[in-house]
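This report concerns only the one structure given below.
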Amino acid sequence: MFIRFFKSNNASAFVFLPFIAFAIWVFGFIAPSILSIKYTMPLYELIAGGLIRFPWLNTFIAFLLITSEAFVLNYIITKNEVLTKQSYLPALFYILFISNNNAMLTLYPPLFANLFLLFAINKLLSSYRKDVAFSQVFDAGLLVSIATLFYFPSVIFLPLLGIGFILLRPFNWREWVISFIGVIIPYLFIITFYFWNNRLNYFWYNKLFFPVLKEKPSLDLPKSFYFMLGIGWLIVLFSFGKLFGVLTSGAQKSRKGIVLLIWFFIFSGLSVFIAPEISTKYFAAMAIPTSVFCANFFLNIKKQWWAEFLFLLLVAAIFVNLIGYYF
């Protein structure tokens, strides 16, 4: 029922998605979190600093962000023909994966980074087979750089630019140079600002290096989280199996798009190792590729009852996990 509805690419599914997001984020509004801006990057500190006194407002902004990102992801996948069929499944799974526990139902740096990383992916994919793609490669570099100014571990996605050029573009050294210029421009402004205010050492230590190198506390999670995690990874593993169908028989553009997202998945996993702390919210970038992989899996399941069962099992596990935080 649910999978069939979102597979249909019906406009009513577009309207229904925010209601699903809100049904999950009710848990965030019940007990809104107090923001922390200690050791955060300048752009996040600038925005979150004014929201510390308004827990409900920061939760609402986070809700708007994840809903918007879900639609942006769906638009990118449809526009660039990454999947063979159009649907709202990528947006649906993004909302589920980015909201799967209470630690993620608030505003935090990777949420902003995800938005700019999505735009960067769109720029890379839209450069495919263009004779001249100077503006696309510049924008891609600029967008990844801005993402790091919200959440510095996003710096690990910089090699993804080169991988994208190799996959999608004929070699042109000017494009690589232009992309690098896009990367360094935001940092020229930030470094100039901190240098002008005699706080450059503060920027290097408190913003870049200390959050990555500091000792990370252990993670204490309820048993319900591990149940939800097991169901989620089971579906992800099934989804990886279905990817081979796209990689062997799909259109060339689809294959290249999937390969780019596989690399994104790898880098998003690596980014967790340089996160400022051990927390589920720092897996947020992983929601982008896994949402697409799962959408592809559910689009191609032949037994409808099996698709509906797996989906309802995942949704039930997420709600059990969210409720488990209160007991």
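The values are calculated or read from the model by the stated rules, or taken from the named source; none is laboratory data. Note that the coordinates shown come from a computational prediction; the quantities given were computed from them, not determined experimentally. Note that we place each Cβ from the backbone using ideal geometry, even for glycine, and neighbour counts take in every protein chain shown. For the accessible areas, the whole protein counts, side chains as well, though only heavy atoms, and no ligand, DNA or RNA atoms are used. Shrake-Rupley method; radii C 1.70, N 1.55, O 1.52, S 1.80 Å.
Computed 3J(HN,Hα) for the range 277-282, one whole-Hz value per residue from the Karplus formula 6.51 cos²θ - 1.76 cosθ + 1.60 where θ = phi - 60°, is 7, 8, 7, 4, 5, 7, glycine and proline marked x.
The alpha carbon centroids of the range 246-315 and the range 62-140 are separated by 12 Å.
Using a ≥ b ≥ c from the Cα gyration tensor of the range 1-159 (square roots of the eigenvalues), is it rounded, prolate or oblate, where a/c under 1.5 gives rounded and otherwise the larger of a/b and b/c decides, a/b for prolate? Here the range 1-159 falls in the oblate category. Summed over qualifying helices (DSSP H, 4 residues or more, each -39500 (n - 2.57)) and divided by its residue number, the chain shows a 222 nm mean residue ellipticity of -22500 deg cm²/dmol. Between N10 and T84, the modelled label-to-label distance comes to 2.4 nm, taking each label 7 Å out from Cα in the direction of the beta carbon. Below 8 Å between Cα atoms, with a sequence gap of 6+, how large is the relative contact order for the chain in percent? This gives 24 percent for the chain. Loop-resident trypsin sites (Lys or Arg not before Pro) (DSSP state other than H, G, I, E or B) in the range 267-327 with no more than 11 further Cβ atoms inside 10 Å of their Cβ: K302, K303. Tell me the trypsin sites (Lys or Arg not before Pro) within the range 1-110 that lie in a loop according to DSSP and have at most 14 other beta-carbon atoms within 10 Å. Passing sites in the range 1-110 are K38, R53, K85. At an R0 of 41 angstrom, the distance between the Cβ atoms of N198 and A316 translates into a FRET efficiency of 0.15.
When the surface is traced with a 1.4 Å probe over the full set of protein chains, Y187 keeps roughly 40 Å² accessible.
Per residue, the solvent-accessible area of the chain (1.4 Å probe, heavy atoms of protein chains only, all protein chains present) comes to 47 Å². Spin-label pair S36-L188: with each label point 7 Å from Cα along the Cα-Cβ axis, the two points sit 3.6 nm from one another.
Surface composition of the chain: carbon plus sulfur atoms hold 71% of the accessible area, using a 1.4 angstrom probe and ignoring ligands, DNA and RNA. Annotation: extensible slack from I166 through L65 equals 33.2 nm (criterion: 0.36 nm per residue apart, minus Cα-Cα distance).
For the peptides 13-19, 95-101, 274-280, 59-65, the ranking by packing is 95-101, 59-65, 274-280, 13-19, with the highest mean count of neighbouring Cβ atoms within 10 Å listed first. For the range 222-327, would you read off the P(r) tail past 17 Å as a percentage of all alpha carbon pairs? Tail fraction, whole percent: 60. Around the Cα centre of the chain, unit charges on the Cβ atoms of Lys, Arg, Asp and Glu (plus for the first two, minus for the last two) sum to a dipole of about 580 debye.
Give the value in nm², to one decimal: projected area of the alpha carbon convex hull of the chain, averaged over all directions.
17.0
With 21 Å as the limit, write out which pairs from K256/K281; K256/K303; K123/K207; K130/K256; K7/K79 have Cα-Cα distances beyond it, or answer none. The answer is K256/K281; K256/K303; K123/K207. Scanning the chain for helices, which whole DSSP H stretches are 27 Å or more long along the axis (Cα) and average 0.0 or more by Kyte-Doolittle? Going by DSSP H runs, the hits are 11-30, 55-79, 173-196, 223-249, 252-271, 304-324. Descending by average beta-carbon neighbour count within 10 Å, the peptides 260-273, 162-175 line up as 260-273, 162-175, the highest first.
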